[in-house]
1. Can you put 74, 86 in order of Cβ neighbours within 10 angstrom, beginning with the fewest?
2. Give me 69, 111 sorted ascending by neighbouring Cβ count inside 10 Å, so fewest comes first.
3. What nm distance separates the two modelled labels at residue 42 and residue 85, each placed 7 Å from Cα along Cα→Cβ?
4. Mind giving me the nanometre distance, one decimal, between the label points for residue 28 and residue 93, set 7 Å out from Cα along Cα→Cβ?
5. Give me a comma-separated list of calculated 3J(HN,Hα) values for segment 85-91, in order, Karplus coefficients 6.51, -1.76, 1.60 applied at θ = phi - 60°, integers in Hz, x for any Gly or Pro.
6. With respect to the cross-link table entries 28/105; 77/105; 45/105; 28/77, which display a Cα-Cα separation exceeding 20 Å?
7. In what sequence do 92, 36, 99 fall when counting other Cβ within 10 Å, fewest first?
Amino acid sequence: MEHLLNPIGEPSVVQNTVNAGESGEELKDVFDRIRTHFPPAKIKKIMQTDEDIGKVSQATPVIAGRSLEFFMTMLVKKSGDVARNMGSKRITADILKKTIMEDEKFDFLRENVCGEELNEEEEEET
């Protein structure tokens, strides 16, 4: 894997995250095979649509793009594992939803994916 270094020559956050994961080697292999990248210019445009964001350094969109690639790799890998465990060969919306609901790493997505259902479950628990 190409080693990503920050400006002071230390491994980047992405590199540390890949190495620290419970299935780091598997994710590292998948991450190495990514050939499609998010264009930094497009990410910069999206970031600047927010009025609160002024100038954006040159490295920021690149890091955001790589982080997005890593996030998507992790979500697809975990969803693939869930699909295999369920005996499915395809990752469907229901499998993605199940992955998000079961994995703590994706808990920030729960409200967006299962908004009303999540609120009903919380009400039932109280």
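Where a number appears in this text, it was derived from the coordinates with a stated rule and is not lab data. Because the structure is predicted, anything quoted here is derived from the model rather than measured. With ideal geometry, Cβ positions are generated from the backbone for all residues, glycine too; neighbour counts draw on all protein chains shown.
1. Listing 74, 86 from fewest to most nearby Cβ atoms yields 86, 74.
2. 111, 69
3. Computed distance between label sites residue 42 and residue 85 equals 3.2 nm.
4. Reported label-point gap for residue 28 and residue 93 is 3.8 nm.
5. Listing the rounded values in order: 5, 8, x, 9, 9, 10, 9 Hz.
6. 45/105
7. Taking fewest neighbouring Cβ atoms as first place, the list is 36, 92, 99.
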